[in-house]
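Participant: First the structure, then my questions, so here it is.
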Amino acid sequence: MGVQGAGRAGHRRGCSAHLLLVVSGNVAPFFNMTIVYRLTLPVPPGQEAFQLTAIDIDGDPLTYSISGTDAFYFSVNAETGHVTLKQSLDREVSRTLTIIVEDRNDNAPVFYYLPYEASIPEVPPWAPGPPRAAEQGCWVPPVAWVCLQQDTSAGMSPAQVIPDNTNNHWLFYIRPNGNVVLNGSLDYTKNTFYQIKILAKDGGGLLHNVVVFQNSSAYLSLTIIDVPNLDPRFLNEPYSGSVPENCDLGTSVLTVSAMDRDTGVNDEIFYSITNTSVPFAINATTGTITVSAPLDREQLPSEEVLLEAREKNLDIYGKVAQASTLVTVTVIDVNDNKPQFYNCSLLSCNFTTDAQSNFSGTIIEHSSSRLSVSNLNIVAYDPDKGANSNYELYLQGPDASAFTVSPTNILGSGEVQILVQDPSAVDYEISHVMVVQIVANDTGNPVDCCSIATVTIDLIDSNDHIPEFPQSIYSLSVMENSPDGTIIAYDPDSGVLGEITYQLLPESICNIFMVNATTGAVLVRNGSLLDREARSTYYGNLQAKDGGNLVGTTVLEITVLDDNDNAPVVIGSYFISVEEGLNISTQIQANDDDEPGNPNSELGFRILPGPFSNNFTIDEVTGEMHSKEPLDREAVEDERGQMVVTVEVYDHGVPQQSTLVNVTITVGDVNDNAPVFLNQSYEFSVFEDSPGTLVGNVEATDADRTEINSRISFQLQRSSGSSNFLIRSSRVQAGYYMGQLTVDPDVSIDYDTLQEKFFSLVVVAENTAAEEVGDNASVPVMVHILDINDEPPTIQPVSQDIHVSENGTQQGLVVTLVASDLDTNHSLVFEELAVACFKDESSAGDVCWDWFLLAPNGSVLVNSSDIDYELCDTVVLTLRAEDLYTEKGNRYSQDETLRILITDVNDNAPVFLPVTETFGEQLGLVCPATDADSGQGGAISFSIVSVVLVDDNGVSRPFENLFKIVTTVEEDTYIGSIQVASNLDGSLKGQYQVTVEAQDKEAPIFTVDQSYRVRLQFVTTVEEVQSNSQSIKAVVAKSVMEAYFVYSNGTALDANQLIMCVLGRGPCTGTAAHPGWPIHSHLLFPWQTHTV
């Protein structure tokens, strides 16, 4: 007999104020030991039998019940467990009834309050301060609480954590007290959602004599809440822009953009400039940089602006979340400066000082043509750049025709010389002083083009009988950077040795050149000062003095030849921002300070091999660079979208000089890619009745390269059955998202009620930043529903009562019960709960408790030959079916009853009741009789068999038709009334002996003991079979039979008697057999006679 204690679920449990979720698993109650009670019979009904005591660790109220084949003997108080005797156990022989109270491990751990959902911030409030998240070893409140049966060997663990990877598997653990605890740090940017499968497993126990371990699982859905713990980030760094000088205030330079890296918070960003001295301002909300003060490229060739992006709200640590970046702004030159004159040498000029407009110098009258004015240091300078700094020089004034200016064109800065053009006009006797004006004209600046410098030239009187040179002017040349001592010119016929001495004038030229005083050879004194780019032509006077101190002069025009000693100089920097899908075009600007028009200054451009060199072309002459095709952000692996192309600027001199410049193109991402699923279709399966369970993951990618353009959100397209499921999006990595398809926690899918055992879903992946409707993708998802053994079995009702004959006349199978189960996988067994015996609708005690046997397969078998209709005419079996494969819910069917009606067999002869009357004067003598059988088998008819008169002498004389008998019925007693059929002969003295026969109205049967069963075996020799093999058509396999050989009076023959009879060695007689009685191989019916 099984005894059970069932607990009722109590109130929901709670933890501390930080508790995220409580997962309550109500534990089944248990008996703390196996208890054996022994009851010594007899025990009267109503007496206390024993006390049941169970334990429930939840503290829930308990309800007690008992079951099993002997359960009908007892009654249990459902609240107290107090068991009393309900049916009498008093039998003829006292015996001991053993009740075993034991717990069967037929219940798996149960989770309540499903589904389990919780949210936790990525940096929990209990985490130690910045900048760490919740780390291993710090105290955290439980994420969930589960409770198991009190069993030292029981345990629970996270069976699976989704997303499934090595790190996540150990991210949570379950303490022995049932707390689900965070075991690491969370990062919203990596995972926004976790699903934890919690497995609860008991310590095992017996079920159907087999050690069984029960387990169950539940899912905890954990949503990560993003918190402001990250600083913002500038997009598309580095930043560079350009703006022309003298532009209007408020002119836009460029726009910067920053984003909150806490994408789940997405706080508002404000921009500011930290180095406030710069002439720029920034819009605090849009990030657009504008000009806030006048710009002068000459004063501010370039500017670095330090920007700061700040989130509107403080982060979780109470600090300002901010980021900084550097913006380089190049001020583009505008031709807004005119050239001016300075009194200095080119190498030592300070152009920050005030310009000069008056200069003075000296020259000897009648100096040779192209001879420069001495003591004159004039430098012209235009602060503009490139072509804007090109200007022309010319002379004006009253004496302009006598002189010329050199050079006539200057780029940027250069030394200016006044040269004699007409020596005859330079005459001391005509004028001691001559005046010219140098005009510097910037032809590209028509508004403020010119500067004028007035030069006063003092003439020096000369002796007219001086030594003369063969040429009035000598044009010489020397290579720049020539070594010291290089001979520039030597003329051995220029004079008589020892009579003429030579001197080089003016003194300023003597720092670079020198002359041999004896030979007149001109040499390089200091070659390091020979820089064509600083000064390309030198003018000097070579003076010849004779012994009378008379001096003759000639002009030396020394041209410095260009040496390719300057590499090209690139003007500006090249940072270009462009949105993908567009072409770019830019021109590389460079100059070479070597001689213009010379191969040394002729520039060429080429793109050096690199990752992106094939994407661009450049004009080798002009330096114009173009993209070959529209740029694609997705083709750029750099996370900032930068393409760096190296351009080489080279000259054509020997040896060739070159300069490298990087052109950085930042390709802005455009949302031009739709999501793409990794598979063309998905197929999953999930068990029925599993709310909140993960079905499977779909995965999609977006080729766009920025986070905002590559975000993917998954949705279920509305269709039949789609409401049973939910889908959550989570980021795996940039542009790679996973959709976690789960069963709706509020939905329980029933496999047995589904017409189709699957759902056809469509999952849509949508780009959240898309503006066009078509920027999404869809994929079919087939979800197969798997059957869980969760339906209780049902027993098919028996259509009619079952009849079984008494006295063992019916053996073996009575009926086969049929049970069914809607579950696809089941194993059903039948279990007998109670047996009730009734006679004439009243309890017959337990006389029938072992008459029938219920086999596990549902077969009801006759289990006893003691079935007796006269003791019990109705047997009621209480039974149920059990599904051994039940995984969830009730494993038992409803209790059913099987009614077996015992069929009466005419196995009782009529019995005469005692009669004390004597036939004499009193007429109507009765012979009462009863028959324990029912129906016609118990209906008695009387007849007179014989009448014999025994006279006083002892002589017997038979009579016929003297008496008759009349049958009447009173309740269950039949009465035969003997009456006189004819007048009695009064002359006859004696006693009439009347033999009355009482006979029931059905053919009688006798029961023959099994010891009279004869086993007959029919044997044929091998020789007989072989000799008759041609005529044998078939072989009967059954060659053994069992039979009873019985005379018509019920006397049976045993095996030895039957052998003697068959062999003819003895009479075929049995005990009390009559020679004329036939032998029957079946049961015959007796009758009984009674003599009155």
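The values are calculated or read from the model by the stated rules, or taken from the named source; none is laboratory data. Computed from a prediction, not measured in an experiment: that's the story for all the values here. Counting neighbours? That spans all protein chains shown, and the Cβs are built from the backbone with ideal geometry, glycine included. Side chains included, ligands, DNA and RNA excluded: accessible areas come from the protein's heavy atoms. Shrake-Rupley method; radii C 1.70, N 1.55, O 1.52, S 1.80 Å.
Participant: For Leu561, Leu925, give me the order by solvent-accessible area with a 1.4 Å probe, most accessible first, ignoring ligands, DNA and RNA. Write down the numbers at each step before the final one.
Facilitator: On the way: Leu561 70, Leu925 15 Å².
Sorted by accessible area, descending: Leu561, Leu925.
Participant: Report the percentage of all Cα-Cα pairs in segment 501-561 whose separation exceeds 16 Å, rounded to a whole percent. Provide the component values of the computation, followed by the final result.
Facilitator: Working: 785 of 1830 pairs.
The share of Cα pairs beyond 16 Å in segment 501-561 comes to 43 percent.
Participant: Whenever you get a sec, compute what percent of the accessible area on segment 340-460 sits on carbon and sulfur atoms (1.4 Å probe).
Facilitator: Details: 2570 of 5420 Å².
C and S fraction of accessible area: 47 percent.
Participant: Straight-line reach from Lys338: which lysines have Cα under 24 Å away, leaving out those fewer than 8 places along the same chain?
Facilitator: Candidates past the 8-residue exclusion: Lys385.
Participant: For segment 794-903, state what percent of all Cα-Cα pairs lands in each successive 10 Å bin, counting from 0 Å until the bin that includes the largest distance.
Facilitator: 15, 45, 27, 11, 2
Participant: Also, quick follow-up: Heads up, I need the accessible area for Thr617: 1.4 angstrom probe, whole protein in place, Å², nearest 10.
Facilitator: Per-residue accessible area (Thr617): approximately 60 Å².
Participant: On to the next question. Could you tell me the calculated FRET efficiency between Ser982 and Lys757, based on Cβ-Cβ distance and R0 = 60 angstrom, to the nearest 0.05?
Facilitator: Here the calculated transfer efficiency is 0.10.
Participant: Check which residues have an amide H placed less than 5 Å from Leu817's amide H, if you skip close sequence neighbours.
Facilitator: Here the answer is Ser859, Val860, since their amide H atoms fall under 5 Å of that of Leu817.
Participant: Report the calculated FRET efficiency for Asp546 and Asp296 (r = Cβ-Cβ distance, R0 = 51 Å), to the nearest 0.05.
Facilitator: On the way: r = 59 Å, r/R0 = 1.16.
Computed FRET efficiency for Asp546 and Asp296: 0.30.
Participant: Quick query: amide H of Gln587 versus all other amide H atoms, modeled in the peptide plane; which residues come in under 5 Å with a sequence gap of 5 or more or a different chain?
Facilitator: Under 5 Å from the amide H of Gln587: Met625.
Participant: Additional query: State the extension gain, in nm to one decimal, for the chain segment bounded by Arg606 and Thr903, taking 0.36 nm per residue of separation less the distance between their alpha-carbons.
Facilitator: Gain on stretching Arg606 to Thr903: 95.3 nm.
Participant: For segment 482-487, just list the computed ³J(HN,Hα) in residue order, Karplus coefficients 6.51, -1.76 and 1.60, θ = phi - 60°, integers in Hz, with x standing in for Gly and Pro.
Facilitator: 5, x, 4, x, 4, 7
Participant: Moving on to the next point. Test of understanding: express the Cα radius of gyration of segment 599-740 as a ratio to 2.2 N^0.38 Å, with N the residue count.
Facilitator: Normalised by 2.2 N^0.38 Å, the Cα Rg of segment 599-740 equals 1.74.
Participant: Quick one: if the Förster radius is 45 Å, what FRET efficiency do Leu853 and Asp744 give, using the C-beta to C-beta distance and rounding to 0.05? Before the final figure, lay out each step's value.
Facilitator: Working: r = 49 Å, r/R0 = 1.09.
Computed FRET efficiency for Leu853 and Asp744 comes out at 0.35.
Participant: Simple spin-label model, 7 Å along Cα-to-Cβ: Gln503 to Glu392 in nm?
Facilitator: 4.1
Participant: Can you send over the solvent-accessible area of Phe838, 1.4 Å probe, protein chains only, in Å² to the nearest 10?
Facilitator: Surface accessible to solvent at Phe838 totals approximately 60 Å².
Participant: Here's a follow-up. Could you work out the relative contact order of segment 564-611? I mean the mean sequence separation of Cα pairs under 8 Å and 6+ apart, divided by the number of residues, in percent. Mind showing how you got there, number by number?
Facilitator: Working: 37 pairs, mean separation 18.8, N = 48.
That works out to 39 percent.
Participant: Explain nothing, just the number: dipole magnitude of segment 233-332 about its Cα centre with +1 on each Lys and Arg Cβ and -1 on each Asp and Glu Cβ, in debye rounded to the nearest 20.
Facilitator: Its charge dipole is roughly 180 debye.
Participant: Spelling out what I want: for every residue of segment 824-834, take phi, set θ = phi - 60°, compute 6.51 cos²θ - 1.76 cosθ + 1.60 (Karplus), and round to whole Hz; glycine and proline get x.
Facilitator: 6, 10, 8, 9, 9, 9, 9, 9, 8, 9, 7
Participant: With a 1.4 Å probe and all protein chains kept in place, how do Ser424, Ser943 rank by accessible area, largest first?
Facilitator: Details: Ser424 75, Ser943 45 Å².
Order by accessible area, largest first: Ser424, Ser943.
Participant: In this model, which of Lys197/Lys757; Lys190/Lys628; Lys197/Lys312 are farther than 31 Å apart at the alpha-carbon? Walk me through the intermediate numbers first.
Facilitator: Working: Lys197/Lys757 24 Å; Lys190/Lys628 38 Å; Lys197/Lys312 39 Å.
Distance filter (> 31 Å) returns Lys190/Lys628; Lys197/Lys312.
Participant: Probe 1.4 Å, all protein chains in place: accessible area of Phe351 in Å², nearest 10?
Facilitator: Using a 1.4 Å probe on the heavy atoms, I get roughly 60 Å².
Participant: Determine the relative contact order of segment 869-998: mean sequence separation of Cα pairs under 8 Å and six or more apart, normalised by residue count, in whole percent.
Facilitator: 22
Participant: At 0.36 nm per residue, and after removing the present C-alpha to C-alpha distance, how many nm does the segment from Leu207 to Glu468 gain when stretched out fully?
Facilitator: 80.0 nm
Participant: Relative contact order of segment 270-416: what whole-number percent is it, with Cα pairs under 8 angstrom and at least 6 residues apart?
Facilitator: In percent, rounded to a whole number, it is 17.
Participant: Need one number: nm distance between label points at Ser357 and Arg718, each 7 Å from Cα along Cα→Cβ, rounded to one decimal.
Facilitator: Simple spin-label model gives 8.6 nm for this pair.
Participant: Please compute the modelled spin-label separation between Leu411 and Asn236, points set 7 Å along Cα→Cβ, answer in nm with one decimal.
Facilitator: 3.5
Participant: Still on this structure, I have one more. Need the full-extension length gain, Asn863 to Leu786, defined as separation in residues times 0.36 nm minus the C-alpha distance. One decimal, nm.
Facilitator: That pair, Asn863 and Leu786, stretches by 23.5 nm at full extension.
Participant: Go through segment 628-643 residue by residue and turn each phi into a ³J(HN,Hα) via Karplus (6.51, -1.76, 1.60, θ = phi - 60°); whole Hz please, and just put x for glycine and proline.
Facilitator: Once rounded to whole Hz, the list reads 6, 8, x, 7, 10, 4, 5, 7, 9, 6, 4, 5, 8, x, 9, 10.
Participant: Please get the size of the charge dipole for segment 676-786, origin at its Cα centre, with Cβ charges of +1 on Lys and Arg and -1 on Asp and Glu, quoted in debye to the nearest 20.
Facilitator: 220
Participant: Rounded to whole Å, give me the distance from the Cα center of segment 208-263 to that of segment 635-685.
Facilitator: 23
Participant: Determine which lysines satisfy two conditions relative to Lys964: a Cα distance under 26 Å, and not lying fewer than 8 residues away in the same chain.
Facilitator: Result set, ordered by chain and number: Lys989, Lys1001.
Participant: Rounded to the nearest Å, what's the spacing between the alpha carbon centres of segment 323-337 and segment 499-555? Just the number, please.
Facilitator: The distance from the Cα centre of segment 323-337 to that of segment 499-555 comes to 48 Å.
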